[in-house]
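The next block holds one structure in the form of structure tokens; read it before the comments.
Please treat every number below as a calculation from the coordinates, not as lab data. Everything numeric here is computed off the predicted structure, so don't read it as measured data. Neighbour counts run over all protein chains shown; Cβ positions are idealised from the backbone, glycine included.
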Amino acid sequence: MAIVQEFEYFKPERIEDIIKLLSEYKGKARLLAGGTDLVVRIKDELESPAAVIDIKGIEELKKLEFREGKLHIGALVTFTDLIDSDIVKEQFPLLWESSKTVASVGVRNRATLAGNICSGVPSLDSGPALLIYEADIIVRGAEGERVIPALNWFLGPRRTALKEEEFVREIVFSLPAKKHGGSYIKLGRYKGEDLAQVGLGILALEGNEYRLAFCAVGPVPSRAKKIEAFLNGKPLTDSLIEEAKKLVSEEISPITDVRATKEYRVHVAKIMLERGIKAAVERINGNGPAYGERLI
Amino acid sequence: MKKISFILNGEKRSTYVEPNNLLVDVLREKLGMHSIKYACGRGDCGACTVLLNGKGVRSCIILAIEADGQEILTVEGLSKDKLTSLQESFIDHGSFQCGFCAPGMIMSATELLEKNPNPTEEEVKEGLSGNLCRCTGYTPIIKAVLDVEKRDVDKK
């Protein structure tokens, strides 16, 4: 099916031009990076932009840099860029592991992390990594830049803290100070291109500190604060995990839809917690399953 | 209408497009690249896969205007005088039932082998996981990709 709607197309070369266009079109312009989501939504007439601003001409947005313990991910960095980056694989393996679960190679070659978080769907695979690393999202608007902590980013399904005339310039991940290991588990219906039925990211830090975040089991991806509070400070044992599993149904509020029933989601989320936390703790010292190995 | 120019299968090409034209339509209908198949139209099935600057992409969810100044490779551009080892391997393994998914599969496998000339079965499955075969004839396709390395060694 062709696109029926008409729109203007711009490909600016400077960030200032994006800001100008955004203010000229007052909420009727959409930014195009990979387009894996936007073009489909325009086709479906869920979006009717008057202007599409293709940002791929802006070199500085392509940057993927690690400096002083911080990973700067420009708005044009694709999931393939993240997967191919040795720095991401070595320093932020949990982000690497979750990037590998996004759709398929052909989509990851275009889809960007920034686009993923701007779409803000409940099942976004990058959500848990963003929340447990407590990333910062740098947005630009007419009045300059502001920093939005990932924890304040997701407001509802497809609703984010980004204002109409702003755009995401980069996402910054800080390396935790303590030694750590992580895991991201995605439950899908099959091993191909599918959205998560449940997604769970876990970061275990030395000294029995744990961070957990779910996606696809609530209106937004969110940290599992009760489970974190229960686990923190305690060395991991089988009985501790059993107790933590009981809290899962209090943390998540899945729905029944075409992908799974809510009961199934809650049930498997508990198993995912068990396998994910064991893997994360083992990985602190480089043991356990290799990153990227499927745990479910 | 805007004029766009790009390299298609090694040759310079230009055409006029509207901003809302999709790459798949322009390549198929204006430029005659009928190997590219249009199916889901949402980037899910991989039948319209082409290589854009060497990377497999879904031409059904890319605006044609985005291809301005880029390099595109389709199945038509893979073989000038003779088939590639991968294409030969597809034939020898009978990796076609209806054949609809084959061009997309071949382009995704071409990208995979370029990056990783000796993939494991798992890596082949991952590389092709975004290409759906509605006949569910995956086994001969995977075998064909795995066999390419051996075939190239045998030839030497």
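Annotations
- Helix A:15-25 axis versus longest C-alpha principal axis of chain A: approximately 70°, rounded to the nearest ten.
- Relative contact order for segment B:60-156: 36 percent, from Cα pairs under 8 Å spaced at least 6 residues apart, divided by residue count.
- Whole-angstrom gap from segment B:15-74 to segment A:106-151, using each part's C-alpha centre: 27
- Inter-probe distance in nm under a simple model that places probes 7 Å from Cα toward Cβ, at B:Tyr38 and B:Lys125: 3.4
- Under a model in which nothing but the beta-carbon of Lys, Arg (+1) and Asp, Glu (-1) is charged, segment B:7-148 shows a dipole of about 280 debye around its Cα centre.
- Taking the Cα centre of segment A:1-94 as reference, the dipole from Cβ charges on Lys and Arg (+1) and Asp and Glu (-1) amounts to some 160 debye.
- Total lysine pairs in segment A:141-267 at Cα distances under 27 Å, for residues eight or more apart or on different chains: 29.
- Which of A:Phe79, A:Ile55, A:Val4, positive extreme of dipole for segment A:1-81 (C-beta unit charges): A:Phe79
- Here segment A:261-296 is scanned for amide nitrogen atoms under 20 Å from the site 7 Å beyond the Cα of A:Lys246 along Cα-to-Cβ, giving A:266-275, A:277-278.
- With eigenvalues of the C-alpha gyration tensor scaled by 5 and rooted, segment A:225-296, Å: 23, 17, 9
- Cβ-defined net charge surrounding A:His180, 10 Å radius [Lys, Arg +1; Asp, Glu -1]: +2
- Summing charges over all other residues whose Cβ lies under 10 Å from the Cβ of A:Glu60, with Lys and Arg as +1 and Asp and Glu as -1, gives +2.
- C-alpha long axis of helix A:262-284 to longest principal axis of chain A, angle in °: 80
- By the count of other C-beta atoms within 10 Å, a proxy for reagent exposure, B:Cys135, A:Cys118 are ordered fewest to most as B:Cys135, A:Cys118.
- Note: the protein assembly as shown, Cα convex hull, 151 Å³ per residue.
- For segment A:180-291, Kirkwood radius (reciprocal of mean inverse C-alpha pair distance, Å): 14.1
- Taking every full run of DSSP H in chain B, the ones that stretch at least 18 Å from end to end by Cα along their long axis and average -1.0 or higher on the Kyte-Doolittle scale are B:102-115, B:138-155.
- Estimated FRET transfer efficiency when R0 is 30 angstrom, pair B:Arg134-B:Asp68 (beta carbons, to 0.05): 0.35
- Simple Cβ-charge dipole of chain A, Lys/Arg +1 and Asp/Glu -1, about Cα centre, in debye nearest 20: 660
- Ranking B:Leu31, B:Phe90, B:Ser108 by how far each Cα lies toward the positive end of the dipole of chain B (charges on Cβ) leaves B:Leu31 at the top.
- Stokes-Einstein D in µm²/s, Kirkwood radius over Cα pairs - segment A:1-82 at 25 °C with 0.890 mPa s viscosity: 176
- Restricting the calculation to Cα atoms, every distinct pair contributes to the Kirkwood radius of segment A:50-197, found to be 15.7 Å.
- Choice from A:Lys70, A:Lys56, A:Lys178 showing the highest fluctuation, given a GNM over chain A with Cα pairs closer than 10 Å: A:Lys178
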